[in-house]
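The values are calculated or read from the model by the stated rules, or taken from the named source; none is laboratory data. Note that the structure is predicted; figures quoted are calculated from it, not measured. Cβ atoms come from the backbone with ideal geometry, glycine included; neighbour counts cover every protein chain shown.
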There are 2 protein chains.
Amino acid sequence: MTRKLTTIGFDADDTLWHNERFFRITQDRFAELLIDHVPDNVDSHTLAERLLAAEKQNLGRYGYGVKGFTLSMIETAIEVTNARVPASVIQELIVAGQMMLSYPIELLPSARAAVEVLSESHRVVLITKGDLLDQERKLAQSGLGGLFDGVEIVSEKTPEIYVDIFNRHGDGPERSMMVGNSMRSDVVPVIEAGGWGIYVPHGLVWEVEYAPAPDHSPRYMEIPNLGALPALAAEIT
Amino acid sequence: MTRKLTTIGFDADDTLWHNERFFRITQDRFAELLIDHVPDNVDSHTLAERLLAAEKQNLGRYGYGVKGFTLSMIETAIEVTNARVPASVIQELIVAGQMMLSYPIELLPSARAAVEVLSESHRVVLITKGDLLDQERKLAQSGLGGLFDGVEIVSEKTPEIYVDIFNRHGDGPERSMMVGNSMRSDVVPVIEAGGWGIYVPHGLVWEVEYAPAPDHSPRYMEIPNLGALPALAAEIT
């Protein structure tokens, strides 16, 4: 008898290891560096809003990842200071971006155990957005690389992308599951593609990744952490 | 009888379409923007050297592509002016980088014809380095996307990467050929992996991509342009 579920896709950032916290630290650093160079009516909250607006505006040209984020910080720094920001501050922003490219990988609870046990029974595929080299670095440092049957670094997580990936690595989206902390990127489009979408909230979510939960779908599930995933996957047989 | 050559990999930038010329235009713009802000002993040649040094230095953290190049321009601008560059100049550098992300795709002579005819007889795979989203944009605009059996955007072109790609898309490197304008990235590592490496010089080469020709290898060939490729591939049967 053929099994209903044969393939499991894992998101990487904030699903297997911490990531968003380093963006938050860098945003705080951004505000700290800029606050003395902006007009009096600009506070750190406004700075955060302007940066987020620039990030959103630039997604279509830069895509996801630290390099585009760094460029958005520099652009915002120039704009909010009416081009009066000193070059030394911009140099600090470049350094802050470079630090993000070398932060240590800290696995989330149960991440290794979940991937290990599921890789024995299912095909497991890592599916992530971001800068190619940086995502590869993080996977290498995570020590999980050898467990995955496939690694896909993509520019956007759409239903079409999931159909393509689960056709190539598995038996199509109907027999596949995606697990991640982004409702918008990991859960909703997979369900739209015909697969299971498993939401594992992380706590810190980048605003761009918000989406309403697809509560209406029987293929939508939420678990508190990856420790609950093997039992959930075992139920779908 | 099994054919000796079943799979052909194509490099993208400066093999199928122009690319390096836009880096050169942007480097000229960089020098033009900076020249009034640097000490008298710094000329445009020195500026180009400093920028290249920063690019090389940053390859390990930023990888290839326009976003990293833009960050290297900004970093160099700050360094060569001892942090006296005005923010307005840095804003111009950001704009110059963004223009590179939207330049129009101009196919090289015979590129379309070569891929079209070879896609009838061989598996054809696009293999390119650079920023994920930007490489996807260029492929989409080239109109060649539908001809390829596979597209691989990689962080580095090593023998191991070619082995993996030609195993997945073809019948291994021994029955595969890579075609490109970079001796270092498209030709030498493929031959090392056991495949054919076909050099198609473009004229403009980024210094980082230089390597000595592997003249000793019977699997190394040079052709003046892609118009010569179908006949060459047909000879290997």
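Can you tell me which condition B:Ala83 does not meet? The list is (1) within 13 Å of another protein chain (Cβ to nearest Cβ); (2) more than 29 Å from A:Leu132 (Cβ to Cβ); (3) of a type in the set (A, V, I, L, M); (4) in contact (Cβ under 8 Å) with a residue 24 or more places away in the chain, and all the others hold.
Exception for B:Ala83: condition (4).
Here are some residues: A:Glu120, A:Glu79, A:Glu174. Which one is outside the structural domain of A:Ala193 (by TED's automatic domain parsing), surrounded by fewer than 19 Cβ atoms within 10 Å (Cβ to Cβ) and either acidic (Asp, Glu) or in contact with a helix residue (DSSP H, G or I) (Cβ under 6 Å, 6 or more places away or on another chain) (or both)?
A:Glu79
Is it the case, given these coordinates, that B:Ile94 is within 13 Å of another protein chain (Cβ to nearest Cβ), free of Cβ contacts under 8 Å to residues at least 24 places away in the same chain and either under 19 Å from A:Gln91 (Cα atoms) or touching a His at 6+ places or on another chain (Cβ under 7 Å) (or both)?
no
Here is a list of conditions, (1) more than 19 Å from the chain's Cα centre (by Cα); (2) not in a helix (DSSP H, G or I), and B:Asp164 meets all of them except one; can you say which number that is?
Going through (1) more than 19 Å from the chain's Cα centre (by Cα); (2) not in a helix (DSSP H, G or I) one by one, B:Asp164 breaks only (2).
Which members of the range B:51-80 meet the condition of being farther than 16 Å from A:Gly130 by Cα and among the aromatic types (Phe, Trp, Tyr)?
Of everything in the range B:51-80, just one residue is farther than 16 Å from A:Gly130 by Cα and among the aromatic types (Phe, Trp, Tyr), namely B:Phe69.
For the range B:213-222, check the following and say yes or no: at least one residue is of a type in the set (S, T, N, Q), over 30 Å from A:Arg61 (Cα atoms) and in the same structural domain as B:Val115 (by TED's automatic domain parsing).
Yes, there is a match, as at least one residue in the range B:213-222 is of a type in the set (S, T, N, Q), over 30 Å from A:Arg61 (Cα atoms) and in the same structural domain as B:Val115 (by TED's automatic domain parsing).
With respect to A:Arg21, is the statement that it is in contact (Cβ under 8 Å) with a residue 60 or more places away in the chain and either within 15 Å of the chain's Cα centre (by Cα) or on the phi > 0 side of the Ramachandran plot (or both) true?
So A:Arg21 fits the description; yes.
Being out of contact with any Leu (no Cβ under 8 Å at 6 or more places or on another chain) and among the aliphatic types (A, V, I, L, M) is the filter here; which residues of the range B:195-225 pass it?
The answer is B:Leu204, B:Val205, B:Ala211, B:Ala213.
Looking at the range B:185-237 only, could you name the residues that are aliphatic (A, V, I, L, M) and outside any helix (DSSP H, G or I)?
Here is the first cut: in the range B:185-237, the residues aliphatic (A, V, I, L, M) are B:187-188, B:190-191, B:193, B:198, B:200, B:204-205, B:208, B:211, B:213, B:221, B:223, B:226, B:228-229, B:231-234, B:236.
Listed by number, the residues that qualify are B:Ile198, B:Val200, B:Leu204, B:Val205, B:Ala211, B:Ala213, B:Met221, B:Ile223, B:Ile236.
Go through (1) touching a Ser or Thr at 6+ places or on another chain (Cβ under 7 Å); (2) closer than 20 Å to A:Pro104 by Cα; (3) in the same structural domain as A:Leu93 (by TED's automatic domain parsing) for A:Ala54 and report which single condition fails.
A:Ala54 satisfies all of (1) touching a Ser or Thr at 6+ places or on another chain (Cβ under 7 Å); (2) closer than 20 Å to A:Pro104 by Cα; (3) in the same structural domain as A:Leu93 (by TED's automatic domain parsing) except (2).
For the range A:157-167, name all the residues that are surrounded by fewer than 16 Cβ atoms within 10 Å (Cβ to Cβ) and over 13 Å from A:Ile8 (Cα atoms).
Those that are surrounded by fewer than 16 Cβ atoms within 10 Å (Cβ to Cβ) and over 13 Å from A:Ile8 (Cα atoms): A:Thr158, A:Glu160, A:Asp164.
Does B:Tyr210 satisfy the condition of being in contact with a helix residue (DSSP H, G or I) (Cβ under 9 Å, 6 or more places away or on another chain) and either under 26 Å from B:Gln57 (Cβ atoms) or touching a residue at least 60 places away in the same chain (Cβ under 8 Å) (or both)? I'd like the intermediate steps shown before the answer.
Values: in contact with a helix residue (DSSP H, G or I) (Cβ under 9 Å, 6 or more places away or on another chain): yes; either under 26 Å from B:Gln57 (Cβ atoms) or touching a residue at least 60 places away in the same chain (Cβ under 8 Å) (or both): yes.
It is true that B:Tyr210 is in contact with a helix residue (DSSP H, G or I) (Cβ under 9 Å, 6 or more places away or on another chain) and either under 26 Å from B:Gln57 (Cβ atoms) or touching a residue at least 60 places away in the same chain (Cβ under 8 Å) (or both).
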